[in-house]
Each structure stands twice: as C-alpha cells, then as structure tokens.
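Structure record follows, encoded as structure tokens.
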Amino acid sequence: MSPKKPALVPSTIEIPSIKSGRITRSRKKEPPGNPISSTASADISTPSPGPDSVDGDPPAWAESRPELCDSLPWFRAVQGGVYHNGNLCLGFLVDADCGVRSFIDDEIVITRVGGGCTKDADGNLVLLKDQDNDSSAISSLVNSMGLKVPVGMVIGDRNALLRRKLPHRYNVMAYFRVTHIWYERMGKKAGAKVRFEKVDLSDKSWWTVKDAPPPRPIHERRFDVQAKSLQCSACHQWSVQVYKQGWMCLHPSCKKFWSIHNSPPPLDLTFHADFLRARLPPDPEVQPHYSLVPDLLSTLTEDNGDAISKRIAWKGIVCPWCSKCISRRFWQGWRCSEKNNLPTLSPGNESHRCRFEKMMRMQPVSLRSVIEDLELSPIKRALNFSPKFMTPEIDDRSLHPYRKLVYIIPGVGSITHLVSCKSINTRIGGPDDLFKQLQLADLGLQRYPLQQSVVAGTLTAHFAVNYGMPYKYVVSVESKGFDEACSEIIRALGRLTWATSQAVKGTGDRFIPPNELLLLGYLEGMKIGYHDDGESSLGPTVATLSLGAKSTMLVRMKHTYYHGVSKGKKLLLEDPILPGCNQHDERKALKDQLANGSLSQEKYDNLRTEVTKKSRGREAPPCIKMELNHGDLVVMHGERLQKYYEHSVIPEKNLRFALTARYIKPDHVSPKELRKGQFTLAADQIYDGK
C-alpha cells in the first residue's frame, strides 16, 4: 500500500521559537537561508553575501497595497497575507513576516500561515492560540490544495528570504500550487505552515538571479523524487518529513506531535533535500480561476453606460505599457503617470515616465436603471417611520410640493429633510435634467487618498470635486472657482441656497448663504462612512441635494459623547450627557451631585470612570434614519450637531450624485483663494422651491 500524503493545514502565521513560543522576525533574529535551486544542497544555513539583482520584471506590480488589491481579482486582501473567497485561497502575499524556518527560491515558497498573533514589546509576533482547520485562511488553503486550484503569489520588497533586490514594493510572482500544509510547535502553541510550488516549471522565473541559466526542460526533470511520508504509531496519521534532522508527527492532536524519537527537535532545523527538490509533474487539471494579469479594459464597452458605472468598472487595471497596478482615480478612467524604468520600446520611455491613460466616453446612465419603483417619482411620497428611530415633525403645507420633515435634537440642532416629488423632479432644469447633465459635463471628479487610514494609499469610496471656497474634509480636495463651474453646478447651488434659507428660517439664527459646493459621485458599491462636517472653518449649516439612486442616511452620536470617554479611555472634561447616551441616568445623577456640591471633582471622576466601563467599546446605535431619494434635499443646522453627532450615507444602486453646500469662513482661507467663492446667481439659477 503506497503511503498517503498527510492532510495538513494552511494559513499565514510566523514560525515560533521552540523555547519561547515567540515568532521571531527573520530580519532581526536569524539570518535567512541561502536560496538554493531544486538540485542544490538542503542545508540553507549559510547566508548569502548580499542582495542580488533579479533576472526580469514582474508581470504586474504596485507601490501600494490598495492599488494591488484594486487591480488583481485574485488578491483583494488589503490587510493580511491570505486572500480567500468561496472558501478557496486565490492569492497569497509573502512579505516581511515569513517566519524563521521559511524558504523561497526560484520555484518553491515555504512560509507561515498567518492569524492569531500579536506583537510583543520587541515587535515580534507571538502566537496567541492554536491554529486549526477551522481557521478560514487554513481551510481555504486546504481546499485549494485538494481541488487543485492554483494560488497567485505576490512578494513584497521587505521579504528577506529571497536575498534579491526586488524592483517594486509589491511584485506579482506567478501561479503556485499548494503541495503541503502542516503544523509545527510554536512555543506552547501549534501553528501552520504551507509549501507552494510554481505551476509552470518550464519558464524561467523573473525573480531568479540575474543571468542565471534557464530551468531544466520538463522532459529532463525527475518527478519521482518526493519527500518521504510515514505513518505515526500513536495517531496512525501520515506526515511528511520536512526537516533532515528527523521525521516528526505533524498533527497537533497526537501525543507525539513535533518530537523526534520522543524528544523535542533541535532549534537549528534545516529542510530535507527531498522536501525541497520534490516537484509535482505537470497536470492539465491545475488551472487558475483568473488570469494572473487581468484585462479589465477589454471587458468594458464604452457605449454601455450602465457597465461603466458598475462596481467592477471602478476597480484598478494593470497598465499595458509598464505593468503597474493602477487604481481608478478619475471619473472617466485611468492614468498611470508614474516615474519608472520602462522597457526600451514602451511608449513614453523617452522621459522615463509612463504616460498611458484610458479615458472613456461616459454614456449617461438612465434614471430608470437606478430607480426600481414603478414610477420614477411619486406624486406624493408615502412615509413610514420605524419606532427604533426618531420620528420627525411633518409639514406638508409650508413648502409644498415638498414634504418637510424636521428632526429636532434639543440643545443641539436640527435636520430638515425636504422630500421631493414628480412635479419637482420633472420640471425643466430640475433634478431629472441635472442628473443627466452632470454625467455629460467634464467636472473633474477624482478619488483622493484618505488622510487617515489603516492602510496607506487607501482612496475614498467616492469621486469628488470642490467648487468655491477651499474645503478639507476626510481628504484634501483642490478647489475650483465658481467661475470655472458649469451652469448645472450653479443651478444646484441655487437650490441648496434656497434650502438653507428655509431650514434656518424660524430658528432665530442668521441665514448665511453658502460659498462652497462639494460634488460627490458614487458608482455601484461606493459609500461614505460615518463622519462629521464640524471643521472650525465651517458655518453652522450644511445642505445636500441627492440625485439618482436612493440612499440611506444614518445619524448617530459620536463614540466619545455616547460613552462620556474617549476611545483612549480619557474622561471628557465637559460631558454634555446627551439624551440617548450610554448610562444616561447614572451619568446625569452624578453630574447633578457635582453641580450641587454633593460630590468633589475627584470623587465625581472616580465614580463616572466606573460607570463608563460598562459597554465602553461599542459604537452608538443610529438614532435617525432617512431614506434619501432622487431630488431630496437635507439641511443639517447647528454647530453642536456636527460636534456631537456623525452621519453616513450608503447608496443602494449604481449611480448617485450628492451636492453639498456650506459656508466657509473667509478668515480660514488664504486671500488668493477668496475669489473662488464669489458668484452671482442668474435669473434662471435662482430657485423658488417649485
């Protein structure tokens, strides 16, 4: 009976030190092994003299993780090293955290499987719990191995195992197949490792040492050399011999797990020659789900406007000239424009700057394609309010044909929702016309890098352009003057100016007309998360016109004021104790006692510290939920509203525009920018509420 291959397990965790359980970074603690070919010695303890140059160029590359994930459908993992979908591993990144007993050469990658780690005081990864088959990353690797699904591999330039100078931050390698998955002892924990083997053994790997000879032809390869597998006498399961120091059972549930002749293995383990030399014969059944370098552009037909606005259409492409992964930053398409060393015959090579760009004809998306209702606009929109959320005051008369909904938060501010209808939307120059005309105009919409993001280079999930006074919200957007705006933008500003005046009327506050307009464009799947418009440069009123697809706007109390403590566990100096906040009654009672002298400041702080420990971590639930339809206007009024509350907007279909107008205080703007906010509404741009 021929020995079975062990059913082993995958994921991405760093290899542990036997004594400490610490997963030590190979760059700091242990020199990486010398890369060897499939015919070289298995002893990899001798360090190479330094990084060598590679022989070729990667088929695709990126300088940021978001661009990589935008462009490769087989690797969408913005964080972590394993990308799995449908319980299959499709992509794998090897970067700085391969682990100390890992290995990379021209055809083989052996690395940890990640997950379940934390960093200790020295910055080393420590395994917190045993890994097992229940891990989504490991189970996806097991399934890819069993179903013969190749895995796309990416190598980062922080990887120290290869000891070669990689040309870019992230470099696509090739498709690999999973050959083995096993567990090792990591301190007192069990962690998983995985062995990958390049699928196409006939082609020379681009990451091989420069000027290295080509690989052996397939017909000269020996596929009969395989690592030895033995059956454990204790658990009766099969394990492959990974290390030359001796065979070990690699199943954590076994009492003989990770021991050689009932003793712990030595610390300086080296790979067995057969484990490194072994190659699987070519198999026509091993075919990838996706092309290694996808061609998105060939799938988009410019005459089909609906396709251009789909989620896949705002993903990235691989530049056909220089192979760089390019996120879609521009409303109309992609532009590479990155300095790099291009192939000699590539266009734009004369300036060492790739000038590839693909700008598409943006055919207008019809309202019919983004509104599912039988009629595009209601005669009078029926309303239903959930008891889970605040119920507004309803006024159907004062601004007819709008329905006026007002949400009042006592002592904070108000939100006015002007619900549109058929007679408003279909008027000449109204929302229906604006929706179409904004698609035809060249507005300069772009996606910008977030100023604060977990992953550097992350772009906004919407396109933006700013007119009038400069305004910096979650990103810094260069502002255009109103004299550069098309007439549709100014007409929209007229509507927003009218809405602002109507919302402020009766509040006792002075009406200040807006001098800035931010236009956001959302394609399918785009949204804007919770944020506020509470910058010190802003006036107290924010008005938004919604065009196109329906969206849901949620308003919630900010975490700090909901709990009375910052996320850093620092007590608020002045806790407003807003209605609906967490532990409201207890916090209010304590504050009353402080006010009447029953509690000293020290005692008050100690007591409210105890109160705020209860459910401190969760975010506040939304208190207001609004369904924003085509043509609706929303006006938020009150500086405290932006200080204490935040809002998010989630469109439901594939195209929506949101035009938001504010007042920017002139003393927060440089003198040369002041002219941008100057405008005069023409007679046909002044809105009368009809």
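Note on the stretch 262-280: residues that are in a loop (DSSP other than H, G, I, E, B), free of Cβ contacts under 8 Å to residues at least 60 places away in the same chain and surrounded by fewer than 12 Cβ atoms within 10 Å (Cβ to Cβ) total 1.
Restricting to the stretch 167-184, what's the tally of residues that are surrounded by fewer than 20 Cβ atoms within 10 Å (Cβ to Cβ) and farther than 16 Å from Thr111 by Cβ? Qualifying residue count, the stretch 167-184: 2.
Among the residues of the stretch 227-253, write down those that are touching a residue at least 24 places away in the same chain (Cβ under 8 Å), in a loop (DSSP other than H, G, I, E, B) and over 15 Å from Ala278 (Cα atoms). Steps first, answer last, please.
Within the stretch 227-253, the first condition is being touching a residue at least 24 places away in the same chain (Cβ under 8 Å), and the residues that meet it are 227-232, 237-245, 250-252.
Remaining after also requiring in a loop (DSSP other than H, G, I, E, B): 227-228, 232, 237, 241-242, 244-245, 250-252.
Those that are touching a residue at least 24 places away in the same chain (Cβ under 8 Å), in a loop (DSSP other than H, G, I, E, B) and over 15 Å from Ala278 (Cα atoms): Cys232, Gln237, Gln245, Leu250, His251, Pro252.
Taken over the stretch 637-690, the criterion of being more than 17 Å from Tyr471 (Cα to Cα), in contact (Cβ under 8 Å) with a residue 12 or more places away in the chain and more than 29 Å from the chain's Cα centre (by Cα) is satisfied by His637, Gly638, Arg640, Leu681, Ala682, Asp684, Gln685, Ile686, Tyr687, Asp688, Gly689, Lys690.
Number of residues in the stretch 243-257 that are within 38 Å of the chain's Cα centre (by Cα) and buried (at least 16 other Cβ atoms within 10 Å of the Cβ): the value is 3. In summary, Gly444 fulfils each of the numbered conditions (1) surrounded by 14 or more Cβ atoms within 10 Å (Cβ to Cβ); (2) at pLDDT 95 or above; (3) within 35 Å of the chain's Cα centre (by Cα) with the single exception of condition (2). Pull up the stretch 606-631, narrow it to residues that are within 27 Å of the chain's Cα centre (by Cα) and without any contact (Cβ under 8 Å) to a residue 24 or more places away in the chain, then point me to the one that is nearest to Tyr645 (Cα to Cα). The extreme case among them is Arg618.
For the stretch 425-439, which residues satisfy the criterion of being closer than 16 Å to Arg381 by Cβ and surrounded by 22 or more Cβ atoms within 10 Å (Cβ to Cβ)?
Of the stretch 425-439, the ones closer than 16 Å to Arg381 by Cβ are 425-426, 430-432.
Within the stretch 425-439, Asn425, Pro431 qualify.
Any residue at all in the stretch 187-196 that's closer than 30 Å to Glu67 by Cβ and of a type in the set (D, E, K, R)? Yes: the stretch 187-196 contains one or more residues that are closer than 30 Å to Glu67 by Cβ and of a type in the set (D, E, K, R). Can you confirm whether the stretch 211-226 contains a residue that is touching a residue at least 24 places away in the same chain (Cβ under 8 Å) and in contact with a Cys (Cβ under 6 Å, 6 or more places away or on another chain)? No: zero hits.
The one condition from (1) in contact with a Ser or Thr (Cβ under 9 Å, 6 or more places away or on another chain); (2) small (Gly, Ala, Ser); (3) at pLDDT 90 or above that Gly580 does not meet is (1).
Meeting the requirement of 2 or more residues that are touching a residue at least 24 places away in the same chain (Cβ under 8 Å) and in contact with a Pro (Cβ under 8 Å, 6 or more places away or on another chain), the helices (runs of 4 or more DSSP H) wholly within the stretch 487-605 are 487-504. Met557 falls short on exactly one of the conditions (1) on the phi > 0 side of the Ramachandran plot; (2) buried (at least 19 other Cβ atoms within 10 Å of the Cβ); (3) not hydroxyl-bearing (Ser, Thr, Tyr), and that condition is (1).
The values are calculated or read from the model by the stated rules, or taken from the named source; none is laboratory data. Bear in mind that the values here come from a model prediction, so they are computed numbers and not experimental data. All Cβ positions, even for glycine, are placed from backbone atoms using ideal geometry, and neighbour counts span all protein chains on display.
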